[in-house]
Structures are given as C-alpha cells and as structure tokens.
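A short write-up of the structure that comes next.
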Amino acid sequence: METRGKALVTGASSGIGRETALKLAKEGFQVIAAARRKERLEELAKQNPNILPRSVDLSDSKALDEFSKELSDLSEPVSVLINNAGFSLRGVLEDVSVSAVKSLFEVNLFAPIKIIQACLPGMRRLRKGTIVNLSSIVGKFPFPTSGPYSATKHAVEAISDALRMEVRPFGIRVITIRPGVIGTEFNETANRLTGDLLSRTDPDYKPVYQAYGVGMGKLFANVSIPGPELIADLIVEAVLSESTKAVYAKGPFVKELLEERFRLDDEGFYELMMEKTGLKGLVVK
Ligand SMILES: NC(=O)c1ccc[n+]([C@@H]2O[C@H](COP(=O)([O-])OP(=O)(O)OC[C@H]3O[C@@H](n4cnc5c(N)ncnc54)[C@H](OP(=O)(O)O)[C@@H]3O)[C@@H](O)[C@H]2O)c1
C-alpha cells in the first residue's frame, strides 16, 4: 500500500508519543514506534498495521548505535522524525548525583542528536523532512528542584534553533514543541526515579522542599491537566501544515509562566517565580 512516508516516534509506549504514533499512522504514515517496553509497542501495532514496533533503550549506547545504523540503512528513509522520548528527575541540585544528571542528558539530549544524525542523510537525499523535538515550557525557564531536567530541555531548544537554520536549505523543517503540564506517566516515573527526597536531604533543605510543595499546591489548584492528545494533535498539525512555525507551545502555564518569561526581564521573572513557587521571603535560620 502507498503510504505518506516513513515516520519515527521515540517514546511511543506511553503518553504524548503513543498518541502521536497512532495519529500519524491514521494519517497514512508508516510509523516506527520506539521505546523500551516491547509489549506496549506490540499492543500499539495491533491497533494499526502502519505501526512498526521497535524496542530500544536509548540510554544504552550500543543499542542506540545499532538502532541508528538500522535507520541509516533504511531503503525508504525516515521523512518525519519525532524526538519525544524523555524523562525527569527531581531534587535541589545538592540532592542530585552527577551520574543521574548524565542519565537525563543521555536520553533527553544525546539520543535525539544521534537519531537526528542517523536520519539527516536520508532527508537530505529526499530534499525534504520534518524533525520535531519535544522541549517543554521549562525549555525556557526552570522550576526549583528540576534544574537538570530543565537544562536538558534548554539544550534541546539550542540544538533545534541551530539545526533549523542549518538544514532549511535542504527543505528540512525543525519544529520545537513546548508542552505545559500534561497528564501522562511522566510525573509518576519522575517520582519513582527520584525516591523519597525528604528522607535523604540535609535538614537545611526541608523547609525549602516544604515551602515549594505548598507553593506548587497553590499554583496547581484549579488547574485542569489535559491529556496527551492535546500535544499529539499539535504535533500532527505541525507535521501536516504547509506553513509550519518554528515553535509551538500549548497547555497549562504557557500563558502564566512561559509568556511572562518572554515579557519580563531576568530580575522581574526571578521575582515572579519566587512568588509562584512559594519561596519568596523564606529564610532558613
Ligand atoms: N507530561 C508533561 O507534563 C510534559 C511536559 C513538557 C514536556 N514533556 C516531554 O514530552 C515528552 C513525552 O513525555 P510524556 O509526558 O508522554 O511522558 P511518558 O508518558 O512518561 O512517556 C515517556 C516515553 O519515553 C520513553 N522512554 C523513556 N526513557 C527511555 C529510554 N531510555 N529508551 C527509550 N525510550 C524511553 C518511555 O518508554 P519506555 O519506558 O517504554 O522506554 C515512554 O514511551 C518527553 O520528552 C517529556 O520531557 C512532557
């Protein structure tokens, strides 16, 4: 059957990636759906014959090398690449090990770079292609206790901005997506990987975590968290659009925080965040 071309969605076993893979398959793309959980991917493939499951651990350099080689060798190259796989860890900087920060960068930044490098030669041959990189609202400002995750997304933003200019001459588009807070397994995974922060932090930090917890409780009160379809629809709209924008942002806190980040100067935004996160005026004696 004639398809619309080959797409690759990483992190397709859950959340935004899963919905995006399904929607692209429905639009007629042949979708390579990649993630670690094989059974989840196989279940997805049962829903649409256009979905090809591929189990891969993007934090495993050997597995990533093999996967990249497979992508480079495809007779029909990937023309739509959705770099979506990602995760987060929490903790004030003193509570996060450097090896944990490296593991975040492996999946959220280095794997997408390697996959982009594997797909670009095919896209250049076609003289067309779309690369969608999942950033976040925190790709432009951090929350306390998620500096390292936010750093990976700031890096995704920088790579995307440079690449967009580099590959436009070949007809290749680079799109950055900045979701607000979305209801997926993301939060649960971050909690599981982080463990019990309060039991292991220095007593000095306890009031910081507590004040932040209260601040976040207030920030999230009355906010309804949308499901992953909101962002999957945005991604598919961007992929299918003839006049794609460089960046799309959608979801809770886009207006209240991301747009304020662009409106205020550094001092003004710092004051706003201290207030919003419950840390304003906190002094630990
Ligand atoms: N949810 C939000 O509030 C939010 C907001 C802004 C941005 N984002 C970004 O959106 C993207 C998707 O997140 P989501 O909310 O849909 O989260 P999710 O439901 O937790 O999905 C994350 C996906 O990444 C895959 N993944 C994680 N580590 C992997 C690894 N080592 N190798 C291969 N695949 C791996 C997971 O699959 P396996 O576990 O099966 O490997 C899963 O399919 C992420 O880049 C995230 O940073 C999310």
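The values are calculated or read from the model by the stated rules, or taken from the named source; none is laboratory data. Predicted model, so just to flag it, every value in this text is computed and none were measured. All Cβ positions, even for glycine, are placed from backbone atoms using ideal geometry, and neighbour counts span all protein chains on display. Calculation scope for accessible area: heavy atoms of the full protein, side chains included, ligands and nucleic acids excluded. Shrake-Rupley method; radii C 1.70, N 1.55, O 1.52, S 1.80 Å.
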Task: Which listed residue is surrounded by fewer than 19 Cβ atoms within 10 Å (Cβ to Cβ), closer than 30 Å to LYS128 by Cβ and modelled with pLDDT of 95 or more, from LYS245, LYS218 - done: LYS245
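Could you list, in sequence order, all residues of the range 31-47 that are assigned to a helix (DSSP H, G or I), open to solvent by 70 Å² or more (accessible area, probe 1.4 Å) and either near the ligand (Cβ under 9 Å from one of its atoms) or under 24 Å from MET123 (Cβ atoms) (or both)? Steps first, answer last, please.
Restricting attention to the range 31-47, the residues satisfying the condition of being assigned to a helix (DSSP H, G or I) are 38-47.
With open to solvent by 70 Å² or more (accessible area, probe 1.4 Å) added as a condition, the list becomes 38-40, 42-43, 46-47.
Result: LYS38, ARG40.
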Open item on the list: Go through the range 136-160 and report how many residues are surrounded by fewer than 23 Cβ atoms within 10 Å (Cβ to Cβ), polar (S, T, N, Q) and part of a loop (DSSP other than H, G, I, E, B).
Closed with: 1
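Residues in the range 48-65: is at least one among the β-branched types (Val, Ile, Thr), near the ligand (Cβ under 9 Å from one of its atoms) and open to solvent by less than 50 Å² (accessible area, probe 1.4 Å)?
Here is the first cut: in the range 48-65, the ones among the β-branched types (Val, Ile, Thr) are 51, 56.
From the residues that got through so far, the ones that are near the ligand (Cβ under 9 Å from one of its atoms) too are 56.
With the extra rule that they be open to solvent by less than 50 Å² (accessible area, probe 1.4 Å), the set shrinks to 56.
Scanning the range 48-65 turns up at least one residue that is among the β-branched types (Val, Ile, Thr), near the ligand (Cβ under 9 Å from one of its atoms) and open to solvent by less than 50 Å² (accessible area, probe 1.4 Å).
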Open item on the list: Considering only the range 243-252, I want to know if a residue exists there that is under 25 Å from GLU157 (Cα atoms), part of a helix (DSSP H, G or I) and either away from the ligand (no atom under 13 Å from the Cβ) or small (Gly, Ala, Ser) (or both).
Closed with: no
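Does THR152 meet the test of being more than 30 Å from VAL283 (Cα to Cα), within 13 Å of the ligand (Cβ to nearest atom), at pLDDT 95 or above and β-branched (Val, Ile, Thr)? Steps first, answer last, please.
On the way: more than 30 Å from VAL283 (Cα to Cα): no; within 13 Å of the ligand (Cβ to nearest atom): yes; at pLDDT 95 or above: yes; β-branched (Val, Ile, Thr): yes.
Judged against the criteria, THR152 is not a match.
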TODO: Please give the number of the condition THR3 fails out of (1) within 13 Å of the ligand (Cβ to nearest atom); (2) among the polar types (S, T, N, Q); (3) open to solvent by 10 Å² or more (accessible area, probe 1.4 Å).
DONE: (1)
- [ ] Could you list, in sequence order, all residues of the range 66-89 that are open to solvent by 60 Å² or more (accessible area, probe 1.4 Å) and part of a loop (DSSP other than H, G, I, E, B)?
- [x] ASP73, SER75, GLU76
Open item on the list: Looking at GLY122 and the list (1) more than 24 Å from PHE67 (Cα to Cα); (2) more than 9 Å from the ligand (Cβ to nearest atom); (3) open to solvent by less than 30 Å² (accessible area, probe 1.4 Å), which single condition is not satisfied?
Closed with: (1)
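Restricting to the range 192-225, name every residue that is within 11 Å of the ligand (Cβ to nearest atom) and not charged (D, E, K, R).
Just the residues of the range 192-225 that are within 11 Å of the ligand (Cβ to nearest atom), to begin with: 192-193, 225.
Passing the criteria: LEU193, ILE225.
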Open item on the list: Going residue by residue through the range 249-264, is there one that turns out to be touching a Lys or Arg at 6+ places or on another chain (Cβ under 7 Å), within 30 Å of VAL78 (Cα to Cα) and in contact (Cβ under 8 Å) with a residue 40 or more places away in the chain?
Closed with: yes
Open item on the list: Can you say whether GLU94 is assigned to a helix (DSSP H, G or I), touching a Pro at 6+ places or on another chain (Cβ under 7 Å) and more than 10 Å from the ligand (Cβ to nearest atom), as far as the supplied structure shows?
Closed with: no
Open item on the list: Among the residues of the range 12-23, are any surrounded by fewer than 16 Cβ atoms within 10 Å (Cβ to Cβ), under 18 Å from the mean Cα position of the chain (by Cα) and either within 13 Å of the ligand (Cβ to nearest atom) or closer than 30 Å to LYS250 by Cα (or both)?
Closed with: no
Task: Filter result for VAL214 (touching a residue at least 12 places away in the same chain (Cβ under 8 Å), closer than 20 Å to LYS250 by Cα and in a helix (DSSP H, G or I)) - done: no
Task: Condition broken by ASN133, with the remaining ones in (1) open to solvent by less than 10 Å² (accessible area, probe 1.4 Å); (2) away from the ligand (no atom under 11 Å from the Cβ); (3) of a type in the set (S, T, N, Q) satisfied - done: (2)
